[in-house]
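Undergrad: Handing you this structure, nothing more for now.
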Amino acid sequence: MVNARHQQRRCMPTIERIIVISSEDDRLRVAGGIGTYLGLWTKMVREVRPELEVHWIARAPEGMRLECVDAFGVHRVYLPIDPSLGEEAAFAQFRTQVNDTVGALVRVAPDLPTVIEVGDWEGHGADLFRFVDRSNILRVARLHTPLATCVRQNRMRSTAQVVAQLRAERQTLLHADLLSSCTQHVKRMVLQDVFEAQDIPPDVVVIPNPIDAARFVPEPSTRSDAVARMNMHLGESFIGNETYNVYVIASVEERKGAVQVTDAIAQVADAVPLARFCFVGHHGGGTRQLTANRKLDPEALIARVPRRHHKRIRFAGYVNHEALPLLIQGGDVFPVMSVGDNFPGAVAEIALCGKPIVALNRAGIREMLSGAHGRCVAESIGGALRGAADRLAGRLIELASDPRRRAQIGANLRALMLRKYKPETVVDRLLNAYELALAGKRGKEVTSGSVGLLANISR
């Protein structure tokens, strides 16, 4: 059996080039978790397989084309967008430039076994995947949370931009060779929300995201520094070493459970005078939306809380990812109330820091935080939405007076992350799955059009 497996591995095509595409990154244009995932994914690919050629094509933040090789050997290309364009036209312009850039990369070495990974979000493979149907190129759509699912969960209005993005995402997924999902939950949601009855979806592989175990570690001695850093970010002395700091690290959205957390605040504040609530993540207050996904306005959320408790709540907005390992050390407990989330990196990062999570046990969070026999390792309040705010409030009040229990929950979560999502193992699983899919594709007759993006490349 071992020899047979070894022989099969030797017969599989070894990937030599990976091209990833996104409109955001982890440094210059951070709009959500996709850029953070790709930053870690490309870094770890280079660490696990340093011989691989890795390219990352992203949207430039200020309309200037940039090219660089980062510290891990990833070739980054940032494509400029005309700032005068509306978002719908900007998406189209970016996709056109992506097509040209990928075409130029492939023409340099047309026969190289290649993976092109495009996230479902914004559908940047809508045109590209139709043009690169070649036997040595695997077209992968990595499933994060498509707009079709966000529209339903966030109850978004249909606009021209939303409709254009929905179409692009569906076309990307339809023309992919493989759908790559980090949870069973989002796989089910994509099959339900994106594909129509007559569609034949591609195969789906379910493998989690890598986690950043090297950077996110428990450092309780840094609490005072973490408190000072958060106060500096807020521009005021809001929290202290003696306060009970409840941090919500997620975009401020309905699907992320921002409403449920807000509705728990009054009960906790009445029972725990030292409680402070801080929402960390993009919100909809007075700033241009970076994506089509609707963020909630802090003022509307605060209005749900009695005025006497407004002084206990702050919305920190986006915090640079480089600062998160320190900031997390200042939190005492972290509610994760996602209504239907996928595999949010912040949840793994909180757990890796050994911090306690109180979780609404549903969707991708349920998969992420389940240990032996499917039991939730976080402090679970069940999966029902009805009464979730009351149950959260009760648990936060209990944990406020029990630091030993908080520490134990955090330790259990960190152990789970390191056991279940060992970074090198996850990356190797993804690469092996892609190589197996590429081998399957190369074993089939692949018809490539004679016109289009790669017309001048011989098979």
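Undergrad: Compute log10 of I(q)/I(0) for segment 206-314 with the Debye formula, placing one identical point scatterer on every Cα and leaving out solvent, at q = 0.10, 0.12, 0.15 Å⁻¹, to two decimals.
TA: -0.36, -0.51, -0.78
Undergrad: Then there's this: Using the Kirkwood formula over every pair of different C-alpha atoms, what hydrodynamic radius in Å results for segment 312-367?
TA: Computed over Cα pairs of segment 312-367, the Kirkwood hydrodynamic radius comes out at 12.3 Å.
Undergrad: Across every pair of different alpha-carbon atoms, what Kirkwood hydrodynamic radius in Å does segment 36-185 reach?
TA: 16.4 Å
Undergrad: Can you give me the % of accessible surface on segment 43-144 that is carbon or sulfur? Probe 1.4 Å, all protein chains present, nothing else counted.
TA: Reported share for carbon and sulfur atoms: 54 percent.
Undergrad: So what is the diffusion coefficient of segment 148-214 in µm² per second by Stokes-Einstein at 20 °C and 1.002 mPa s, using a Kirkwood Rh over Cα pairs?
TA: In µm²/s, the coefficient rounds to 161.
Undergrad: Something else now. Apply the Kirkwood formula to segment 248-393: the hydrodynamic radius equals the inverse of the mean of 1/r over all pairs of different alpha-carbon atoms; give it in Å with one decimal.
TA: Here the Kirkwood hydrodynamic radius works out to 15.6 Å.
Undergrad: In nanometres, what is the gap between the two model label sites at Glu67 and Asp199, each 7 Å from Cα along Cα-to-Cβ?
TA: 3.5 nm
Undergrad: Treating only the Cα positions of the chain as identical point scatterers, give the base-10 log of I(q)/I(0) from the Debye formula at each q in 0.06, 0.08, 0.13 Å⁻¹.
TA: -0.27, -0.47, -1.21
Undergrad: With Cβ to Cβ distances under 14 Å as the rule, what net charge do the other residues near Ala58 carry (K, R +1; D, E -1)?
TA: That sum, taken over residues with Cβ under 14 Å, equals -2.
Undergrad: Taking Lys256 as the anchor, which lysines have their alpha carbon closer than 26 Å to its alpha carbon, excluding any fewer than eight residues away along the same chain?
TA: Within reach: Lys187, Lys295, Lys311, Lys355, Lys420, Lys422.
Undergrad: With a ≥ b ≥ c the root eigenvalues of the C-alpha gyration tensor of segment 17-85, is it rounded (a/c under 1.5), prolate (a/b larger than b/c) or oblate?
TA: Note, shape of segment 17-85 comes out prolate.
Undergrad: Which of the aspartates and glutamates could a cross-linker span from Lys43 if the Cα-Cα distance has to be under 14 Å and same-chain partners fewer than 8 positions apart are dropped?
TA: Lys43 reaches Asp25, Asp26, Glu51, Glu53, Asp70, Asp212, Glu424, Asp428.
Undergrad: Could I get the Rg over Rh figure for segment 26-125? Both from C-alpha atoms, Rh via Kirkwood, rounded to two places.
TA: Expressed as Rg/Rh, it is 0.95.
Undergrad: Counting heavy atoms of the protein chains only and a 1.4 Å probe, report the per residue accessible area for the chain as a whole number of Å².
TA: Normalised by residue count, the accessible surface of the chain is 42 Å².
The values are calculated or read from the model by the stated rules, or taken from the named source; none is laboratory data. All of these numbers come straight from a predicted model, not from anything done at the bench. Because the Cβ atoms are built from the backbone with ideal geometry, glycine has one as well, and the counts that use them run over all protein chains shown. These accessible areas exclude ligands, DNA and RNA; they are computed on the full protein's heavy atoms, side chains included. Shrake-Rupley method; radii C 1.70, N 1.55, O 1.52, S 1.80 Å.
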